[in-house]
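This report concerns only the one structure given below.
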Amino acid sequence: MAVKEKTRLIVFDVEGVLIPRNMFFFQVGRTMGFFTLIQILLYRLLYESGIISLDVSLKHIFRKLKGQKMETLQHIFNQIPATARLQDFFTQIKKQEKCQIVLISSSLPTAIVEQFAACLNADYAYGINVCVNNVGKITGEISGEVIEVNGKKKILHQILIKTGLNLRDCTVVARDRNNRCIYTKETKKIGYNPNFIIRIKSDHVVMGKLAGVLPILNDKKTKWSCPSVNDLIRENIHAAGIFTPIIAQIIGLLPVIIFISGLSIVYLISELARLNGKNLPLISAITRHAASQSELYGFVAAPLYYAIGILLTLIIFPFPASAAAIAIFTLGDSVASIVGGSLGIKLAFNKGKTLEGSLSGFACAFLASCLFVAPWIAVIGAAIAMIVEYLPLPINDNVLIPIVTATVLMLLLLI
């Protein structure tokens, strides 16, 4: 019997995998003032939304950093509380695998990535070439293969030539779409909290803690883990939306629309204040406990998308289609996330979803919608919602699921 070839080269994207997404730029922006922070985060958001390219986004950001000392940026990065935990994580990898580790970043300066790699005992480090003047201040100009189209692929091939390895010896752990060029057919591909493009292309998807990558590297089964407190708080808030159409029937639609709109405005103000280092009582505390760690280093937009999805459904669609769609969306999605979040049979095409999560979400969505529509309509509505939720689409689920579901339910009610 042939011995299975072990991974010999592991490539980690830095931002979004080893450190929370946007954390570095968030901390840098805060030292430069609120308006600079907002501009930096805006350029990141425009890139992540696919509106501008990575190199355009980064060139705008580093122009904002013109005049800053590189040692200041290094000091800010050193304050990120991740090194001790990651040292243990990388030690476990080195013990279990005879491998070389590559750190690669399309956002961080090479000097910072190299020092980070030295702390973690990684073998290779690549980042952005940031120009500095003779007194060590950033000029605003950047370059490097990591921000070029297929640049990471060129870097990987250079490493393979040096080591005498091939693509079948490689594992890539990434989140962002700028890594798709090294998501080749031959490599083992692990998406860590990935966006929709990387989710589709990944062989394995890990949501939650980075430690979930270790069993995949070792070809072992993932152990079950309880949902985090953040997960439970977030999903309970999400599920509570089922009461919205019920309250609307009791007190009227207009007061509910006014309340949700007002609460959304208060939340928007709270988030802007939080980014400026200030807290709005209660709202900021809920955000800190419900948001994931990576979300906290940027504008947490998910609650606004959630409010928009419910508002549009209530305004556009008549009762009971709107009520059933909101019930399906709020309860079904929450249960699916909790049950299937950490363990289960991964579904084809979208490996971030599990069979157990989808089935439990479908069952709860069906039961919830039966409060408003006939069972045969509820079954179809729940199925449509689960299909939309399963597909890794670029449009936010919190908006898409209730609107698509309500549209189908309204047509069924007209039959």
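A straight line joining the Cα centroids of segment 123-200 and segment 38-70 runs 18 Å.
Stretching Arg85 away from Ile246 to a fully extended chain increases their span by 53.4 nm, per 0.36 nm per residue minus the current alpha-carbon distance.
With helices defined as uninterrupted DSSP H runs, which ones in the chain have an alpha carbon span along their own long axis of at least 24 Å and mean Kyte-Doolittle hydropathy of at least 0.0? Helices meeting the criterion: 253-275, 397-414.
Calculated mean residue ellipticity, 222 nm, the chain: -16500 deg cm²/dmol, from DSSP H runs (n ≥ 4) at -39500 (n - 2.57) each, averaged per residue and rounded to 500.
So, for the chain, what is the accessible surface per residue at a probe of 1.4 Å, expressed in square angstrom? Present the calculation step by step, with values, prior to reporting the outcome.
Details: 19640 Å² over 415 residues.
With all protein chains present, the chain gives 47 Å² per residue.
When Asp13, Asp397 are compared by accessible area of protein heavy atoms, the largest-first order is Asp397, Asp13, using a 1.4 Å probe. For segment 36-105, report the translational diffusion coefficient in µm²/s to the nearest whole number, using Stokes-Einstein at 25 °C, 0.890 mPa s, and a Kirkwood Rh over Cα pairs. Roughly 164 µm²/s, to the nearest whole number. For the chain, the share of DSSP beta bridges that are antiparallel, to the nearest 5, is 20%.
Between Ile269 and Ile387, take the C-beta separation as r, use R0 = 45 Å, and let me know the FRET efficiency to the nearest 0.05.
Values: r = 36 Å, r/R0 = 0.81.
For R0 = 45 Å, the calculated efficiency reads 0.80.
State which stretch of the chain is the longest one without any exposed chymotrypsin sites (Phe, Trp or Tyr not before Pro), exposure meaning a DSSP loop state and at most 15 other Cβ atoms within 10 Å.
Working: sites that count: Trp224, Phe349.
Longest gap between qualifying sites, sites excluded: 1-223.
Solvent-accessible area of the chain (1.4 angstrom probe, protein heavy atoms only): carbon and sulfur portion equals 63 percent. With θ taken as phi - 60° and the Karplus curve 6.51 cos²θ - 1.76 cosθ + 1.60 applied, the whole-hertz 3J(HN,Hα) list for segment 188-203 is 7, 10, 10, x, 10, 6, x, 7, 5, 5, 5, 4, 5, 7, 6, 7 Hz, x standing for glycine and proline.
With Cα atoms as the point set, the radius of gyration and Dmax of segment 128-214 evaluate to 15.8, 47 Å.
As a length-normalised measure over Cα pairs under 8 Å and 6 or more apart, the relative contact order of the chain settles at 14 percent.
The values are calculated or read from the model by the stated rules, or taken from the named source; none is laboratory data. Everything numeric in this text was worked out from a predicted model, so none of it was measured. We place every Cβ from the backbone using ideal geometry, glycine too, and count neighbours over all the protein chains shown. The protein model used for the area step is the full one, side chains on, heavy atoms only, and it has no ligands, DNA or RNA in it. Shrake-Rupley method; radii C 1.70, N 1.55, O 1.52, S 1.80 Å.
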